[in-house]
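Working notes, beginning with the structure itself.
The values are calculated or read from the model by the stated rules, or taken from the named source; none is laboratory data. Quick caveat: nothing in here was measured; it's all calculated off a predicted structure. Note that we place each Cβ from the backbone using ideal geometry, even for glycine, and neighbour counts take in every protein chain shown. When the accessible area is computed, the model is the full protein with side chains, heavy atoms only, and any ligands, DNA or RNA have been set aside. Shrake-Rupley method; radii C 1.70, N 1.55, O 1.52, S 1.80 Å.
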Amino acid sequence: MLDIRIEKTLAPKELPKADNPLKFGTIFTNHMFMMNYETGKGWHDARIVPYQPISLEPSAMVFHYGQEMFEGLKAYKAEDGRVLLFRPDKNIERANKTNRRICIPEIPEEDFLQAIKAVVKTDEAWIPEKPGTSLYIRPFVIATDPFLGVRPADTYLFMIILSPVGAYYPEGLNPVKIWIEDEYVRAVKGGIGEAKTGGNYVASLRSQVKAHDEGYSQVLWLDGIERKYIEEVGAMNIFFKINGTIVTPQLNGSILPGVTRDSVIRLSEEWGLPIEERKISIDEIYEAHKNGTLEEVFGTGTAAVISPVGQLRWEEHIMKVNDGGIGEFSQKFYDTITGIQLGKLEDKFNWTVEVK
Ligand code: COI
């Protein structure tokens, strides 16, 4: 059990107005959680302090070699006033998996959850209540040793910041256009593709800019070796509905194991829908589109929730999906997952955790 010192701000910011669209990741709450690590001492000095800039040496290792882990989860305000987290255990488990991969010391699971609950409770008033909004929680760890040699650091800072958010994409639940990347790759098996760390995201920027310039929201990655099998979209996992079956790439070491991805798989099983986790080649998608069996495409992610895909572009081929509209199952997964998150639907899986 952490002993968390709480220092409340003396200059609280105003809450966003009801008509603020809460553009993703632009507004931050009054407080943040911090905890330090030092080899020999372990994690210590857990505290909640006013949200403010932090001071680091220019030589801090995170700036040079990118030793950092981050996570993303959300808190919701239920109609009955309860504050609910969605599957925080999955994020915490994945955070420590990332930590192990990039040599950051693990954070005890119960301390991690206690820290999330404490900072969310402190800024509970910032949880927005309009449909489609939530409080995005961003835990992260950075390496802070002032040192330019390449090795795991001896000192780290663990922080949790909070941001009231609306939809991740400006399109909201409207279908997005996705560019299938055949020039650059995101990750290969054995690399860091399944870890949630900044390096994977910086690797995606060049392609994202290229896609944006062509009018596409995001990039869909193919595998790094054969450049043939579908992997993921930079900020989401991807699902296809082909001839009545829901299909998603199997976790293969280079794909991020998404929490919403897992939730869609579990719901499909519960509903008795045929669901397959397997290799999917881009040729199979192209063929399915050509013969009319590609019924729906959607992305899943904490930030994006369920994001229907209305168009895929692969080389010179433009594949319109479901007439560019929101598919029946995309809508059903969205309604069910957000219904559970908001405490409106029965939580058969015990996915929600109340912050008291
Ligand atoms: C999330 O969905 O929470 C993510 O971390 C994706 C991020 C790149 C916005």
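Using Cα pairs closer than 8 Å and at least 6 residues apart in sequence, work out the relative contact order for the chain, in percent. Write out the running numbers ahead of the final one.
On the way: 739 pairs, mean separation 66.6, N = 356.
Answer for the chain is 19 percent.
Which residue, Thr26, Thr197, Thr155, has the most motion in a Gaussian network model of the chain that connects Cα atoms within less than 10 Å?
Thr26
From the Cα gyration tensor of region 197-274, with a ≥ b ≥ c the square roots of its eigenvalues, which class applies: rounded if a/c is under 1.5, or else prolate if a/b is larger than b/c, or else oblate? Before the final figure, lay out each step's value.
Working: a/c = 2.01, a/b = 1.79, b/c = 1.13.
Prolate, because a/c is 1.5 or more and a/b exceeds b/c.
Ile306: net charge of surrounding residues, Cβ under 10 Å, Lys/Arg +1, Asp/Glu -1, itself excluded? Can you show the working numbers first?
Details: positive: Lys332; negative: Asp335.
Counting the neighbours of Ile306, the net charge comes to 0.
Comparing Asn174, Asn243, Asn91, which has the greatest mean-square fluctuation in the GNM of the chain with Cα pairs linked when under 10 Å apart?
In the Gaussian network model the winner is Asn243.
Gap in Å between the Cα centre of region 29-79 and the Cα centre of region 165-242?
About 27 Å separates the Cα centre of region 165-242 from the one of region 29-79.
Find the relative contact order for region 106-212 and round it to a whole percent, using C-alpha pairs within less than 8 Å whose residues are 6+ positions apart. Provide the component values of the computation, followed by the final result.
Working: 80 pairs, mean separation 20.8, N = 107.
So the answer I get is 19 percent.
Return the calculated 222 nm mean residue ellipticity for the chain, to the nearest 500 deg cm²/dmol, obtained by summing -39500 (n - 2.57) across DSSP H runs with n ≥ 4 and dividing by the residue count. The partial results should precede the final answer.
Details: 8 runs with 83 residues, N = 356.
Mean residue ellipticity, 222 nm, calculated: -7000 deg cm²/dmol.
Compute the accessible area per residue over region 54-157, keeping the other protein chains in place, probe 1.4 Å, unit Å².
Details: 4370 Å² over 104 residues.
The answer is 42 Å² per residue.
With a 1.4 Å probe and all protein chains left in place, how much of the accessible area of region 1-132 comes from carbon and sulfur atoms, in whole percent?
Numbers: 3710 of 6980 Å².
Taking all protein chains in place, region 1-132 shows 53 percent carbon and sulfur surface.
Normalising by the residue count of region 287-356, find the relative contact order in percent from Cα pairs under 8 Å and 6+ residues apart. Intermediate values should be presented prior to the final figure.
Values: 68 pairs, mean separation 15.9, N = 70.
For region 287-356, the relative contact order is 23 percent.
Cut-off 10 angstrom, C-alpha nodes, Gaussian network model of the chain. Which of Leu162, Leu56, Leu84 fluctuates the most?
Leu56
Just the number: Rg to Rh for the chain, Cα atoms, Kirkwood Rh, two decimals. Don't skip to the end; give the middle numbers.
On the way: Rg = 20.6 Å, Rh = 21.3 Å.
My calculation puts Rg/Rh at 0.97.
Taking loop as defined by DSSP and a crowding limit of 10 other beta carbons within 10 Å, which GluC sites (Glu not before Pro) in region 93-194 fit? Intermediate results must be reported in sequence, preceding the final value.
Working: sites: Glu93, Glu106, Glu109, Glu110, Glu124, Glu129, Glu171, Glu181, Glu183, Glu194; in loops: Glu106, Glu129, Glu171, Glu181, Glu183, Glu194.
Here the sparse-neighbourhood loop sites are Glu183.
Taking a label point 7 Å from the Cα of Phe349 along the Cα→Cβ vector, which residues of region 266-280 have an amide N closer than 20 Å to it?
What the label zone holds, given the 20 Å backbone N cut-off, is 266-278.
Write down the accessible area per residue of region 244-356 in Å², having rolled a 1.4 Å probe over the full set of protein chains.
On a per-residue basis, 42 Å².
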